[in-house]
Amino acid sequence: MTARVALITGGARGLGLSIAQVLAERGYKLLLVDRDEAVYATATGLGGDSGGVTGCVADLTVSDDVERLVEFVRGSFDGLDVLVNNAGITRDARLGKMEPEVFSSVIDVNLLAPLRLTFALDSSFRDGSSIVNMTSRAALGNFGQTNYVASKSGLIGFTRGLALQWSPRTRVNAVAPGLVDSAMSRAMPEDVLGGLVAKIPAGRIGEPEDVARAVAFLAGDESSYITGQVLTVCGGRSISA
């Protein structure tokens, strides 16, 4: 049986790496894309002797980089089964103190780059393929993150619209993580982090693997009748007071 091929953006570290590890365990061939050259070492470490993981440096806000990446995909693989639009940034500030270019930079990376890459790869997707867009529980609204909230809300709209347009060839879903153990959360003051965790009905902070397994579910055949949906992985925080 031919191994399924998955492309993961923001794959050098963090959540992207966790997603890559879970998909690799399930037998996927992986293409990890990041604008950090550390993606090469990540791919080598994850692929081992099998060579089933490839790294590629690309800035998906740059059209030439997107075109180069698409040509690489077409030249290296027979087709694409899974795209995980994971790469994202934050640039938090109150809106009145946020420069327009800061607002735009988050929209460009978190929303426009996934759109740009997805449409550029259109002809590479196989029948039965799956796109998983990484949005956030923050799409419901977060103080000081108007740019981030707008980008993640927009990604949900894109998910739903594209699911209608590309069915039945390609399913399109989204995963919306809540608070997850990461370099960002570990940098928070202990009392602030503790207060946030206390509001989570599940009683703990999320682990990257919690999110990665949700992505793997939506990527695989187990979810073949699911499209246009948002799977919120937040320990119940989105429904708590």
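The values are calculated or read from the model by the stated rules, or taken from the named source; none is laboratory data. All figures in this text were calculated on a predicted structure; none of them were measured in a lab. Note that we place each Cβ from the backbone using ideal geometry, even for glycine, and neighbour counts take in every protein chain shown.
Computed values, structure above
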{"quantity": "In region 34-58, the residues that are buried (at least 16 other Cβ atoms within 10 Å of the Cβ) and either among the acidic types (Asp, Glu) or touching a Gly at 6+ places or on another chain (Cβ under 6 Å) (or both)", "calculated": "Asp34, Val39, Tyr40, Ala43, Val53"}
{"quantity": "Which listed residue, of Arg116, Arg74, Arg94, Arg68, is over 21 Å from Thr170 (Cα atoms) and at pLDDT 95 or above", "calculated": "Arg68"}
{"quantity": "Which numbered condition Gly161 fails, given (1) assigned to a helix (DSSP H, G or I); (2) modelled with pLDDT under 95; (3) surrounded by fewer than 18 Cβ atoms within 10 Å (Cβ to Cβ)", "calculated": "(2)"}
{"quantity": "Yes/no for Arg171 being of a type in the set (Lys, Arg), farther than 21 Å from Val149 by Cα, in contact (Cβ under 8 Å) with a residue 40 or more places away in the chain and out of contact with any Pro (no Cβ under 8 Å at 6 or more places or on another chain)", "calculated": "yes"}
{"quantity": "Selection from region 189-218 of residues that are under 12 Å from Gly236 (Cβ atoms) and either among the basic types (Lys, Arg) or touching a strand residue (DSSP E or B) at 6+ places or on another chain (Cβ under 9 Å) (or both)", "calculated": "Lys199, Ile200, Arg204, Gly206"}
{"quantity": "Selection within region 1-41 - assigned to a helix (DSSP H, G or I) and over 17 Å from the mean Cα position of the chain (by Cα)", "calculated": "Glu25, Ala38, Tyr40, Ala41"}
{"quantity": "Filter pass, Gly154 being surrounded by fewer than 21 Cβ atoms within 10 Å (Cβ to Cβ), touching an Asp or Glu at 6+ places or on another chain (Cβ under 7 Å) and either modelled with pLDDT of 85 or more or not hydrophobic (A, V, I, L, M, F, W, C) (or both)", "calculated": "no"}
{"quantity": "Checking Asn133 against (1) farther than 16 Å from Gly235 by Cα; (2) assigned to a helix (DSSP H, G or I); (3) not hydrophobic (A, V, I, L, M, F, W, C), the condition it does not meet", "calculated": "(2)"}
{"quantity": "Residue within region 137-145 that is closer than 21 Å to Ser223 by Cβ and either assigned to a helix (DSSP H, G or I) or at pLDDT below 95 (or both) present", "calculated": "yes"}
{"quantity": "Complete set of residues in region 185-241 that are surrounded by fewer than 15 Cβ atoms within 10 Å (Cβ to Cβ), small (Gly, Ala, Ser) and closer than 25 Å to Arg26 by Cβ", "calculated": "Ala202, Ser224"}
{"quantity": "Single match in Val211, Val172 (criterion: closer than 22 Å to Ala3 by Cα and among the β-branched types (Val, Ile, Thr))", "calculated": "Val172"}
